[in-house]
Amino acid sequence: MEKIDPKKLLEMFGGDKAIAQRFIDLFVKEIPGLKRQLQEATEKNQLDEIGLHAHTIKSQCRYIGLDKMAEKAANIEEITEKGGSNQLNVLIQSLIADLDENGFKVIF
């Protein structure tokens, strides 16, 4: 499970703990809805919607330094652009599990 690296996060935001914390708080607030939308699109096999939600999750993860999760989301997005594959559902479930397992708490 990937954790947020406080040192890396602070570097991304020029050492401003308040701004870094705002991004984490926003992520924590937004991610449940994004996961739900991704799951619903997956259940309906809506590749365009899966790609859209994966793209959003990718961006959100990169904003707070969760590069491995962002890469999973990028892989999902790429697969949807190519019309899907047998691995798509496995990748989606893996990303959702990673997001579920992470507490996203950072102590600066």
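The values are calculated or read from the model by the stated rules, or taken from the named source; none is laboratory data. Fair warning: this is a prediction, and the values are worked out from it, not measured in the lab. Positions of Cβ are generated from backbone atoms using ideal geometry, with glycine treated the same way; all protein chains shown enter the neighbour counts.
Data overview
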read-out: Some residue of the range 78-93 being under 11 Å from PHE27 (Cβ atoms) and in a helix (DSSP H, G or I); value: no
read-out: Options ILE107, ILE50: the member that is touching a Pro at 6+ places or on another chain (Cβ under 8 Å) and not basic (Lys, Arg); value: ILE107
read-out: The range 85-108 residues that are free of Cβ contacts under 8 Å to residues at least 40 places away in the same chain, paired with ones that are aromatic (Phe, Trp, Tyr) and assigned to a helix (DSSP H, G or I) (beta carbon under 9 Å, 6 or more apart); value: none
read-out: Residue in the range 56-80 that is farthest from ASP98 (Cα to Cα), counting only those that are surrounded by fewer than 22 Cβ atoms within 10 Å (Cβ to Cβ) and among the aliphatic types (A, V, I, L, M); value: ILE79
read-out: Meets criteria (closer than 21 Å to VAL106 by Cα, part of a helix (DSSP H, G or I) and not acidic (Asp, Glu)) for ILE31; value: yes
read-out: Selected residue [among the charged types (D, E, K, R) and either touching a Lys or Arg at 6+ places or on another chain (Cβ under 8 Å) or on the phi > 0 side of the Ramachandran plot (or both)] from ASP67, ASP100; value: ASP100
read-out: Lone qualifier among ASP25, ASP48 - being among the acidic types (Asp, Glu) and touching a residue at least 24 places away in the same chain (Cβ under 8 Å); value: ASP48
read-out: Any hit, the range 12-28, residues being at pLDDT 95 or above, surrounded by fewer than 14 Cβ atoms within 10 Å (Cβ to Cβ), under 16 Å from the mean Cα position of the chain (by Cα) and assigned to a helix (DSSP H, G or I); value: no
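Listed here are the residues, each with its yes/no results for (1) assigned to a loop (DSSP other than H, G, I, E, B); (2) more than 24 Å from GLY14 (Cα to Cα); (3) modelled with pLDDT under 95; (4) in contact with a strand residue (DSSP E or B) (Cβ under 6 Å, 6 or more places away or on another chain).
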position: GLU40; (1), (2), (3), (4): no, yes, no, no
position: ASN45; (1), (2), (3), (4): yes, yes, yes, no
position: HIS53; (1), (2), (3), (4): no, yes, no, no
position: LEU99; (1), (2), (3), (4): no, yes, yes, no
